[in-house]
1. Hey, what do the phi angles of the range A:102-115 turn into as Karplus ³J(HN,Hα) couplings, whole Hz, using 6.51/-1.76/1.60 and θ = phi - 60°, x for Gly and Pro?
2. Among B:GLN186, B:GLY257, B:TYR271, whose Cα projects farthest towards the positive end of the dipole of the range B:186-285, with charges put on the beta-carbon of Lys, Arg (+1) and Asp, Glu (-1)?
3. Using alpha-carbon positions, what is the distance between the centroids of the range B:269-285 and the range B:121-195, in Å?
4. If you average 1/r across every pair of different Cα atoms in the range B:142-278 and take the reciprocal, what Kirkwood value do you get, in Å?
5. Please work out the Cα convex hull volume for the range B:46-180 and give it in Å³ per residue.
6. Taking amide H positions as placed in the peptide plane 1.01 Å from N, state which residues far from B:LEU265 in sequence (5 or more) or on other chains have amide H under 5 Å from it.
7. Taking every residue in A:78-90, how many Cβ atoms of other protein chains lie within 10 Å of its Cβ, on average?
8. With the cut-off at 16 Å, report for the range B:233-318 the share of all Cα pairs above it, as a whole percent.
Amino acid sequence: MVVLKKYPSVTNRDEMEDDEELGTISNDSESEQESESDEEQDEIKVAEPSKTAIYNKDGLVDKLGDFKWPDNVDWMHTLLIDIDQDQEVDVNDDLAREAAFYTQAVQGTREAFAKLESKGLPYLRPFDYYAEMVKTDAHMGKVKDKLLVEKKQREEQEERRKAREAKKISKQVQAEKTKERAKEKKESIESVKKWRKQREKSGYANDKDEMKLSFESGKVPGGKRKGPPGVSPGDRSGGKAKQFGGRGKRGMDKNKKDREFKNSKFGFGGRKGGKKQNTAETTNDIRGFNNKNNSRFGNKKRKVS
Amino acid sequence: MGRKRKQTEIAEAEAKKNDVAPERPKRTLFGWKIKNNDGEVIENGGEDDHTHVFRNKEKVLITCSRRINFRYRHLMLNVASLLPHSKRDNKVESKESKGATLNELVELKSCSSCLFFECRKHKDLYLWMAKCPNGPSVKFLVNAVHTMEELKLTGNHLKGSRPLLTFSANFEKDPHWKLLKELILQIFQIPKDHRKAKPFHDHVFAFSILDDHIWFRNYQITVPHNESTKMDRGGLDKMTLTEVGPRFCLNPIKIFGGSFGGPTLYENPFYVSPNQIRSLQKKQKAGKYVKKVKAKTKRRMHEMANAMERDELADMWKE
């Protein structure tokens, strides 16, 4: 949006300040002062309303009377509405200015429509009235395209923002989880120690009951999960790879990391998930046997559907 | 040329005839024969005989100067598309004598007013609004131009539907604003029953004075209505406006008594020409080095004028 600046006043203010500064620096040389005062005069001429400007009020009124439409012109000819807006609007505030124009137009339209309604004249365009518009369809298509593109951009931005936030949150969650796991592990180890001490104290009496109790008390590491805590399911090394891997050299560490990443990406280790085991289904599946054409020389790999 | 002149004469003759048509008495050799209007059906049935029917027969000539900017040309075309009672003409050379040529052109085209877009230095747009042939005319500086082609304005309306004109109340403040209002009204309002005008009202012009400038906006009116021509109950409250464009802001410079000339009736005391503004800005930028040199010489003069006293203890440690 183009902001209309009040050039004269702005420039004038700057210039005045400059002059003052100059004045403080030097106030002895005559010629300087003269030139400055000249400048000042120039500025004042620009900023203030010029006194030589012509304003012939009588002439204006006469002229208006000359070419004016007669006073009793039917309103339908002029369709003119005056709107009085009380509040002053700052010109350089784009939003306020446009809002003022809008409200003026809205109020005017309301009044005008009320008038038209009272006259009983049709003023709304019927739905089946098609005629040439000011902007062509091609132009309106462009406008629509632009709006769509803008909307899409906005949505994408929103999505990206959300993803970023989610990432932040997920990091936190991850950190908490690891902390919790460590805590759990510590507790479980402690509980085992405690249990051992108790057993020692009691002199290994009623061994079986104690064992049962301690395991039933629910502090079994990992809860429902099989395997030790802090070990990802499918890690065959039982979490030891991690422990020892950390103490290697830096290069080793890096290699290790690479390997881990690759494994996570392409799949290594972990249960085969019984993929290769036979089940009842596979044993009963005799599709591999070719019983239709009993040729002994058939391609063994070829499957017959 | 000749043919056109004839047409204008005919048009003028017709205009005269229409103006007094209903009450013209029949002419005889020696004078007038006043006839009772028994059999005649007069157009303005209920009105007095003395008030003739008002007919708006405005035609606006829209043209521009040579070497106009594309942006300003588009603005002109937009305005022309808003005013179906306008006629276009070739570009006019922007010379001293342009007033005379324009007056001639307007007469040739049998128009009664003129919008002349004058572009100078490919930067500054001046708009002349003139009533021809006997004035007044106004020269504006046009600022803050946005054409209809700009894609952010999403409204659209019928081409040639008559606009509602809304003016801010401060148009009634001073005589020059009153005159401008009348001029704008006459030029921008499409004549009722114009053959190219459409019978519905779906857009509104807003003219308002802010900061001694006239701001123009054009809005499309959208009213939710189920029946084809009747508004719903409370539809006025639900009515919304969408801007169609163009936008511009007019800074009045001068009002002349005649068309494209004549005595000056008003001069904007606050008007600063864009050339002056530019030169001022340039001057401000340019003064840097000169100021520096000035300050240096002043400093030297000052030092020379009040020289430092010789310090008594200066060569105390030399011996």
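The values are calculated or read from the model by the stated rules, or taken from the named source; none is laboratory data. Note that the structure is predicted; figures quoted are calculated from it, not measured. Glycine gets a Cβ as well: all are built from the backbone with ideal geometry, and neighbour counts include every protein chain shown. Surface areas here come from the heavy atoms of the whole protein model, side chains and all, with no ligands, DNA or RNA. Shrake-Rupley method; radii C 1.70, N 1.55, O 1.52, S 1.80 Å.
1. Coupling constants for the range A:102-115: 4, 5, 4, 5, 5, 4, x, 5, 4, 4, 4, 5, 4, 4 Hz.
2. In the range B:186-285, that residue is B:TYR271.
3. A separation of 27 Å, based on Cα centres.
4. 17.2 Å
5. In the range B:46-180, the Cα hull volume divided by residue count equals 174 Å³.
6. B:ILE255, B:PHE256, B:GLY257
7. The mean count of partner-chain Cβ atoms within 10 Å per residue comes to 5.
8. So the portion of pairs separated by more than 16 Å is 81 percent.
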